[in-house]
Amino acid sequence: MKDQWKIETQAVQGNYQPKPTEPRTPAICQSTTFKYDSADHMASLFDLDCLDPMYTRLGNPTAGAFEEKIAMMEGGVAALATSSGQAASALALLNICQAGQHIVSASTLYGGTYSLFANTLPKMGIEVTFVDPDATIDEIKKAFRPETRCVFAETIGNPGLNVLDFDKFGQLCREMRVPLIIDNTFATPFLCRPLEHGANVVIHSTTKYIDGHGTAVGGVIVDGGNFDWSGGKYPELTEPDSSYHGLRYTEKFGPAAYIVKARAQYMRDLGATPAPQNAFLFNHGLTTLPLRMERHSSNAQRIAEYLQQHPAVSWVNYPGLKSHPTHSLAQKYLPLGCSGVLTFGIAGGRDAGIKFMEGCQLIALVVHVGDARSCVLHPASTTHRQLSEEQQKASGVAPDLIRLSIGIEHCDDLIADIDQALNSSQR
Ligand SMILES: *Cc1c(COP(=O)(O)O)cnc(C)c1O
């Protein structure tokens, strides 16, 4: 029945059912360890015969409540919460990639993910080929090698805010028999559920909309349970694991093989565990996620339309605008709204950009997106200032580009603030 609930109901109720006298909301279980009465029971934990909590690095009831809820909302079989979004993408990939192997990724990525793929994974012997997400299936296939393990992309790319063509990427991955791993941070499961469109694994930086209040850094990996690991290509899932007495993940855990392995091997060994307090905040954030995403999206849509007709604005980039190159994909995959991030070009370039950013009063200058509070960034003078103008252009950061993360304040107040800051930027 819970699987048939609408996502708004899942977000509020999750899977948590307290017994009489138990707390109404999943409590913060601030304990490193959990008590057992018998050696047999504890042995069954170490053998993965039973997945009860034992030690918080491997699992914690507060994190568990969050994991069950997000898995339900994404339509997956199970989830693994991590200490950050970066940890989620790193663990999701390390779980099926090792030295000598290869990943194909859309080139339109969050900066931290790009750095992981371009610098750190190669140092570990894992190579990544970046492909243009607009390329045809045949063109993207040329990037594949026999040792290619998966394809990675974002639902809404950064900084172009391009919406992924899920049908194309889904078809590509089915033909090449590799899983499709999607970073769904900007869209959230309320606006888009990638598992319904051909993805096999979904990751999030929960730091953004899922927390939604700028309070905690975290991440999560959701297993769709819909990829067939058999056939010999993924022996790490189908063949005995010597670190667990020869257990085979697919045999023992069926559709949850991938996520149990991520927890049992990589969370065990690398320890990127979320604090129980943070897991509580993410679970709390999910409760209001659908309401907030509606407001983030409607505010951003109205502000994009307002900016489009402002004389101090040279261009506006938001997938909800007809002028956006992936507007038709947005209509198909994001029918409820296009989330809260938009970019625009300011007349007068870099200097006007700095004046605009400093002129905003309600909208704060912060390196963040997905917060209930609106924020602004002029990348050319801040996050990308070390790059030359040529390098900035290559990474999609024009000198006049302003990024807004629209919050859930009243839209009239936001427009009034943007209006006065735009006017003062032109003086
Ligand atoms: C912020 C972000 C990340 C990284 O998440 P952290 O929680 O900061 O580690 C990954 N992907 C996207 C799309 C992001 O916005």
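Condition (residue is among the aromatic types (Phe, Trp, Tyr) and closer than 20 Å to residue 193 by Cα) applied to region 225-239: is it met by at least one residue? So far as region 225-239 goes, yes, one or more of its residues are among the aromatic types (Phe, Trp, Tyr) and closer than 20 Å to residue 193 by Cα. For region 91-109, taking the residues that are of a type in the set (S, T, N, Q) and more than 12 Å from the ligand (Cβ to nearest atom), the one that is surrounded by the fewest Cβ atoms within 10 Å (Cβ to Cβ) is identified as 98.
Would it be correct to say that residue 144 is in a strand (DSSP E or B), over 17 Å from residue 202 (Cβ atoms) and without any contact (Cβ under 8 Å) to a residue 60 or more places away in the chain?
On the way: in a strand (DSSP E or B): no; over 17 Å from residue 202 (Cβ atoms): yes; without any contact (Cβ under 8 Å) to a residue 60 or more places away in the chain: yes.
When the stated conditions are applied, residue 144 does not pass them.
Quick one: how many residues across region 390-416 are charged (D, E, K, R) and in contact with a helix residue (DSSP H, G or I) (Cβ under 8 Å, 6 or more places away or on another chain)?
Within region 390-416, the first condition is being charged (D, E, K, R), and the residues that meet it are 390, 393, 400, 403, 409, 412-413.
Of the ones still in play, those that are also in contact with a helix residue (DSSP H, G or I) (Cβ under 8 Å, 6 or more places away or on another chain) are 400, 403, 409.
Total meeting the criteria: 3.
One residue stands out among those in region 110-146 that are of a type in the set (Ser, Thr, Tyr) and within 16 Å of the ligand (Cβ to nearest atom): the one that is farthest from residue 325 (Cα to Cα), which is 120.
With region 313-427 as the region, which helices (runs of 4 or more DSSP H) entirely inside it contain at least 1 residues that are modelled with pLDDT under 95 and buried (at least 23 other Cβ atoms within 10 Å of the Cβ)?
Passing ranges, in order: 349-359.
Summed over region 180-200, the residues that are touching a residue at least 40 places away in the same chain (Cβ under 8 Å) and either within 12 Å of the ligand (Cβ to nearest atom) or under 18 Å from residue 116 (Cα atoms) (or both) give a count of 7.
Pairs meeting the criteria (first residue in region 79-90 and near the ligand (Cβ under 9 Å from one of its atoms), second residue acidic (Asp, Glu), beta carbons under 9 Å, at least 6 apart or on different chains) are 85/183; 88/183; 89/183.
Where helices (runs of 4 or more DSSP H) sit wholly within region 186-296, those with at least 3 residues that are over 26 Å from residue 34 (Cβ atoms) occupy 188-191, 235-238. For region 235-249, the tally of residues that are open to solvent by 40 Å² or more (accessible area, probe 1.4 Å) and either more than 16 Å from residue 179 (Cα to Cα) or touching a Ser or Thr at 6+ places or on another chain (Cβ under 9 Å) (or both) stands at 6. If the condition is being hydroxyl-bearing (Ser, Thr, Tyr), surrounded by fewer than 23 Cβ atoms within 10 Å (Cβ to Cβ) and over 22 Å from residue 211 (Cα atoms), then region 258-304 contributes only 266. Looking across region 31-78 at every residue that is among the β-branched types (Val, Ile, Thr) and away from the ligand (no atom under 16 Å from the Cβ), the one that is most open to solvent (accessible area, probe 1.4 Å) is identified as 32. Is it the case, given these coordinates, that residue 12 is open to solvent by 70 Å² or more (accessible area, probe 1.4 Å), among the β-branched types (Val, Ile, Thr) and farther than 27 Å from residue 271 by Cβ? Considered against the rule, which asks whether it is open to solvent by 70 Å² or more (accessible area, probe 1.4 Å), among the β-branched types (Val, Ile, Thr) and farther than 27 Å from residue 271 by Cβ, residue 12 comes out as yes.
Suppose the filter is modelled with pLDDT of 95 or more, surrounded by fewer than 20 Cβ atoms within 10 Å (Cβ to Cβ) and touching a helix residue (DSSP H, G or I) at 6+ places or on another chain (Cβ under 7 Å); does residue 206 pass it? Taking the combined requirement at face value, the residue does not satisfy it. Considering each residue of region 213-234 in turn, at least one proves to be out of contact with any helix residue (DSSP H, G or I) (no Cβ under 6 Å at 6 or more places or on another chain), open to solvent by less than 10 Å² (accessible area, probe 1.4 Å) and on the phi < 0 side of the Ramachandran plot.
The values are calculated or read from the model by the stated rules, or taken from the named source; none is laboratory data. A quick note: this is a predicted structure, and the numbers were derived from the prediction, not measured. Glycine also receives a Cβ, built like all others from the backbone with ideal geometry; neighbour counts cover every protein chain displayed. Each accessible area value is taken on the protein alone, full model and side chains, heavy atoms only, with ligands, DNA and RNA left out. Shrake-Rupley method; radii C 1.70, N 1.55, O 1.52, S 1.80 Å.
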